[in-house]
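What follows is a single structure, written as structure tokens, with notes after it.
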Amino acid sequence: MDKPSPFFSNLKCRECGRLYPKQAIHVCDFDFGPLEAAYDYDAIRPVLTRQVIESRPHTMWRYRELLPIDGEPTVGTQVGFTPLVKADRLARALGIRELYVKNDTVNYPTLSFKDRVVSVALSRARELGFKVVACASTGNLANSVAANAASAGLKSYVLIPADLEQGKVLGSLVYGTNVISIQGAYDQVNRLCSEIAGKYGWGFVNVNLRPYYAEGSKSMGYEICEQLGWRIPTHTVAPMASGSLLTKIHKAYGEFARLGLVENSPFAVYGAQATGCAPIAHAMKRGTDIVKPVPKPETIVKSLAIGTPADGYYAIHAMKQTGGCAEDCTDDEVVDGIRLLAECEGIFAETAGGVTVSCAKKLIETGKIPRDASAVLCITGHGLKTQEAIAGKCGEPRLIKPSLREFEEHVYNKDTAAA
Amino acid sequence: MPTVLIPTPLRKLTNEIEEVSAAGATIGELLDNLDRAFPGLKDRVCDEAGNVRRFVNIFVNGEDIRFLEEKATPVKDTDEISIVPAIAGG
């Protein structure tokens, strides 16, 4: 058993503020409010300086005092510190002065931001003594739990809706995990997982380990600040499924300002959803914080297809409080967004990335993000996982015989004539 | 009587029993009856105004009551009711 962290003190109910011990629990006994990790920032401030962070390896664990485990991380020690790409060509295409892409399509090991949350959840699962870990997933989380559990020698179960993309199913099976495919939407998978977690004492990363899991997303926000030269970006656009990532990026910026690691400058966070499942964006547009669940999500963006977003309420408040807003886009616009990012920046994102790019485009066009501003787009997963979404929509290879004459006739001469 | 699956956070009130039976023609009545059997349970699930709390989901045979008739949703003896805390994305 590790000595308790002197920095990570308790779990705390986000609704009523009641404190709980750092166990595998996730909701308040009294009002079902979500439990969140609480820290002793006064203890962290003198220890976690820019110099200390900069002296550490380029992984998300360089901010470990702000992550909820007791000892040293034991799972996913190489995760994070993905590139922050200065996206000049995309900036021109979207008509904004300056743009950065936080590129989690190349996160290690499973090419999505979920490796961040899983490394925290499984490091904590080990500290709490779990032998079996599991998750409810729309795909990316399943891939990450399967891979990280395999390398940690933990037995794992991943539960997914039956209609996921093949790449995401194979991307779990290959690690030897137990893939359980549920005939139902993600919200039904979620409900079942909640019941299983209560029954067998497994460590479900997004159920009973959720307070630990969710904090991993903060590392994306910390990295953005550090990579921008220790400042908070004025405008940040993030995709929303449950709304957790956006909420945690908001928390991360606030924590860095509170610790004096960055100047306490004003910033806004913007959430992006697919129109076929946009309960948070629609509530935000209606001007309410009552999130009306979507019974049957209909979109190619399966990774964001969560009809009952657990953190929707908090995501709305984060956007409102910072002066941000939400946007949604159609499936066709998702494909356009994927292609635009790929053609401008050489980054192949999954469908959620297409959502972020297309919603950012609308936010800029409508002046919600000013054209003379600087913005960061959070791109959270790799496009090789969702190839079905763009198959047949990016043209076809030109087939020729292996002859120079054919090349000149069908390729070179045509292309030079066109140019 | 309908069967109710009790989530972990409420089991302290049900002496750690995971599944109970409760009478009631609607979800509202069923919650009142559950509260008589396990005092305090309704306060956990519903807010001061008597509405189901923001972070609680109630399902009848897997269907969210927000897509049915909320607390007026009718229940039959053979129904399975789940009370589930909202959980994070994946």
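Condition first: facing another protein chain (nearest Cβ under 7 Å) and touching a residue at least 12 places away in the same chain (Cβ under 8 Å). Now tell me which residues in region B:55-90 satisfy that.
At the first step, the residues of region B:55-90 found to be facing another protein chain (nearest Cβ under 7 Å) are B:55-57, B:59, B:62, B:64, B:66-67, B:82, B:84-90.
If the condition is that a residue be facing another protein chain (nearest Cβ under 7 Å) and touching a residue at least 12 places away in the same chain (Cβ under 8 Å), then B:Phe55, B:Val56, B:Asn57, B:Phe59, B:Gly62, B:Ser82, B:Val84, B:Pro85, B:Ala86 are the ones that fit.
Residues in region A:332-343: is at least one outside any helix (DSSP H, G or I) and assigned by TED's automatic domain parsing to the domain that holds A:Lys362?
Taking region A:332-343 first, the residues outside any helix (DSSP H, G or I) are none.
So far as region A:332-343 goes, no, none of its residues is outside any helix (DSSP H, G or I) and assigned by TED's automatic domain parsing to the domain that holds A:Lys362.
Criterion first (assigned to a loop (DSSP other than H, G, I, E, B), surrounded by 20 or more Cβ atoms within 10 Å (Cβ to Cβ) and within 14 Å of chain B (Cβ to nearest Cβ)) does A:Asp31 satisfy it?
Numbers: assigned to a loop (DSSP other than H, G, I, E, B): yes; surrounded by 20 or more Cβ atoms within 10 Å (Cβ to Cβ): yes; within 14 Å of chain B (Cβ to nearest Cβ): yes.
Judged against the criteria, A:Asp31 is a match.
Looking at A:Leu246 and the list (1) at pLDDT below 95; (2) surrounded by 24 or more Cβ atoms within 10 Å (Cβ to Cβ), which single condition is not satisfied?
If we test A:Leu246 against (1) at pLDDT below 95; (2) surrounded by 24 or more Cβ atoms within 10 Å (Cβ to Cβ), just (1) comes out false.
Do you know which residues across region A:253-283 are touching a Phe, Trp or Tyr at 6+ places or on another chain (Cβ under 8 Å) and without any contact (Cβ under 8 Å) to a residue 40 or more places away in the chain?
Matches in region A:253-283: A:Tyr253, A:Phe256, A:Val262.
Please tell me if A:Gly337 is over 18 Å from the mean Cα position of the chain (by Cα) and surrounded by 18 or more Cβ atoms within 10 Å (Cβ to Cβ). Walk me through it before giving the result.
On the way: over 18 Å from the mean Cα position of the chain (by Cα): no; surrounded by 18 or more Cβ atoms within 10 Å (Cβ to Cβ): yes.
No, not satisfied.
Please determine whether any residue of region B:25-47 is at pLDDT below 90 and more than 16 Å from A:Phe32 (Cβ to Cβ).
First, the residues of region B:25-47 that are at pLDDT below 90: none.
No: region B:25-47 contains no residue that is at pLDDT below 90 and more than 16 Å from A:Phe32 (Cβ to Cβ).
Please pick out the residue among A:Val174, A:Val169, A:Val145, A:Val106 that is aliphatic (A, V, I, L, M), assigned by TED's automatic domain parsing to the domain that holds A:Met240 and either within 17 Å of the chain's Cα centre (by Cα) or farther than 25 Å from A:Glu72 by Cβ (or both). So that I can check it myself, show each step before the final result.
On the way: A:Val174 fails: assigned by TED's automatic domain parsing to the domain that holds A:Met240; A:Val169 fails: assigned by TED's automatic domain parsing to the domain that holds A:Met240; A:Val145 fails: assigned by TED's automatic domain parsing to the domain that holds A:Met240.
Only one candidate qualifies: A:Val106.
Table: residues versus (1) farther than 19 Å from A:Ala310 by Cβ; (2) within 12 Å of the chain's Cα centre (by Cα).
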| residue | (1), (2) |
| --- | --- |
| B:Pro9 | no, no |
| B:Ile27 | yes, yes |
| B:Asp32 | yes, yes |
| B:Asp47 | no, no |
| B:Asp64 | no, yes |
| B:Pro74 | yes, no |
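Among the listed residues A:Gly71, A:Gly80, A:Gly76, which satisfies the condition of being outside any helix (DSSP H, G or I), within 30 Å of A:Cys344 (Cβ to Cβ) and not aliphatic (A, V, I, L, M)?
On the way: A:Gly71 fails: within 30 Å of A:Cys344 (Cβ to Cβ); A:Gly76 fails: within 30 Å of A:Cys344 (Cβ to Cβ).
A:Gly80 is the lone residue from the list that is outside any helix (DSSP H, G or I), within 30 Å of A:Cys344 (Cβ to Cβ) and not aliphatic (A, V, I, L, M).
Go through region A:194-211 and give me each residue that's at the interface with chain B (Cβ under 7 Å from one of its Cβ atoms), under 21 Å from the mean Cα position of the chain (by Cα) and assigned to a helix (DSSP H, G or I).
A:Arg210
Among the residues of region A:136-174, what is the count of those that are closer than 17 Å to A:Ala121 by Cα, assigned to a helix (DSSP H, G or I) and aliphatic (A, V, I, L, M)?
Residues that pass the stated criteria total 8.
Go over the candidates A:Gly260, A:Gly271, A:Gly276, A:Gly254 one by one and state the one that is modelled with pLDDT of 95 or more and farther than 24 Å from A:Glu215 by Cα. Write out each step before concluding.
Values: A:Gly260 fails: farther than 24 Å from A:Glu215 by Cα; A:Gly271 fails: farther than 24 Å from A:Glu215 by Cα; A:Gly254 fails: farther than 24 Å from A:Glu215 by Cα.
The conditions single out A:Gly276.
Which pairs have Cβ atoms under 8 Å, sit 6 or more apart or on different chains, and link a residue in region B:1-20 that is facing chain A (nearest Cβ under 7 Å) to one that is surrounded by 15 or more Cβ atoms within 10 Å (Cβ to Cβ) and among the aromatic types (Phe, Trp, Tyr)?
Within 8 Å, the pairs are B:Pro9/A:Phe32.
Since B:Ser82 meets every condition but one in (1) among the polar types (S, T, N, Q); (2) more than 19 Å from A:Lys199 (Cβ to Cβ); (3) not in a loop (DSSP other than H, G, I, E, B), which condition does it not meet?
(2) is the only condition that B:Ser82 fails.
The values are calculated or read from the model by the stated rules, or taken from the named source; none is laboratory data. Since we're looking at a predicted model, the values are computed, not measured. Cβ sites come from the backbone with ideal geometry, for glycine too, and all protein chains shown count toward neighbours.
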